[in-house]
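The values are calculated or read from the model by the stated rules, or taken from the named source; none is laboratory data. What you see is a predicted model, and the numbers here were worked out from it, not measured in a lab. Positions of Cβ are backbone-derived with ideal geometry, glycine not excepted, and every protein chain shown enters the neighbour counts. Ligands, DNA and RNA are excluded from the accessible area calculation, which covers all protein heavy atoms including side chains. Shrake-Rupley method; radii C 1.70, N 1.55, O 1.52, S 1.80 Å.
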Amino acid sequence: MKLINKIKVAIDSPAAAGAGTQARLISKHFNLFYLDTGKIYRLIANIKITQPKKYCYILIKKIMSKLTMKDLQNKKLLSDEVGTMASIISKNKEIRKLVHAFQIKSAYHPPKKYNGSCLDGRDITYKIIPDADFKFFITANTKTRALRRYKELKALNRKISFDEVLKSIKKRDKSDYNRKISPLKKTKDSVLINTTKHTKRACFLKIKQIMNRKIKT
Ligand code: C5P
C-alpha cells in the first residue's frame, strides 16, 4: 500500500497487553516504521543492572546519541528484571528527555521507504506524537497479561513462576499509572482496544478497519 501522506500511529498500553504484537502487525500491513519505545528504557535499565558503578547521565547521553535499532534487539532486554528496572529509571525526567529525541526522529522522520511510523509505549499518544493520525490504548485484564508474559518468558527458558510475573506486572502498573512524569493514561482521543477476550487476529482486524476507514476517505 502506498500512501500519499505519511501516517503516524501512536499506541499506549500497560505491560503485556498485546500492544507490541498489534503494533508489529499494523506496521507490516501499512508498511510503517515500528519503534517499541519500551526497549529504549529497557536498554538503559540493563546498563543500570550490569554496570551500576558506571551508570550516570553522561554515559546514557552518549549511548543515546549513538543508538541504533540494532541495539534494541538484544534478547537480554526482555527479562522481567530488566522490565522492572525500566519502570524505575523511566521515572527520571532527565532520562526521559534523553530518550525523547530518538522517539521524535522515529515518529516524524522515519526512513523514506516507509509510509509512516508506529510507536508504542506509555506517553506516546499525548507527549511524543500528540498529533498522531491514529491513537490506540491497548489493554487487557491483569491476569491475562500476566499469563501472556509468563508464557513469553517460559519460551525464553526464564526461571520464573506465574505468581512472580503477576506480582511484577501489578507493581509495574502501579508505578506506570501513578508516576508524576508521563504517567500511563488513555487519552480521550484514543480508541480503546481490549484484547482480553479476542485473538490477535481479531484485534488486528478491528484496528485495520478503523485505519482503513480514515485512510480511504
Ligand atoms: O513496554 P515495556 O514493558 O517494554 O516497558 C518497560 C517499562 O518502560 C515500562 O513499564 C515503563 O515504565 C517504561 N516505559 C515508559 N515510557 C514508554 C515506554 C516504556 O516509561 N514510552
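Tabulated values for the structure
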quantity: Residues that are under 16 Å from the mean Cα position of the chain (by Cα), more than 8 Å from the ligand (Cβ to nearest atom) and of a type in the set (S, T, N, Q), drawn from the stretch 98-127; calculated: 106, 117, 125
quantity: Tally, over the stretch 98-111, of residues that are open to solvent by 70 Å² or more (accessible area, probe 1.4 Å) and touching a residue at least 40 places away in the same chain (Cβ under 8 Å); calculated: 1
quantity: Residue that is least open to solvent (accessible area, probe 1.4 Å) [pool: residues in the stretch 60-97 that are near the ligand (Cβ under 9 Å from one of its atoms) and closer than 18 Å to residue 34 by Cα]; calculated: 77
quantity: Residue list for the stretch 1-20, restricted to those being farther than 14 Å from residue 125 by Cβ, away from the ligand (no atom under 12 Å from the Cβ) and at pLDDT 95 or above; calculated: 7
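One line per residue, one yes/no per condition, for (1) open to solvent by less than 20 Å² (accessible area, probe 1.4 Å); (2) more than 10 Å from the ligand (Cβ to nearest atom); (3) under 11 Å from residue 16 (Cβ atoms); (4) touching a residue at least 40 places away in the same chain (Cβ under 8 Å):
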site: 137; (1), (2), (3), (4): yes, yes, no, yes
site: 162; (1), (2), (3), (4): no, yes, no, no
site: 166; (1), (2), (3), (4): no, yes, yes, no
site: 181; (1), (2), (3), (4): no, no, no, yes
site: 186; (1), (2), (3), (4): no, yes, no, yes
site: 193; (1), (2), (3), (4): yes, yes, no, yes
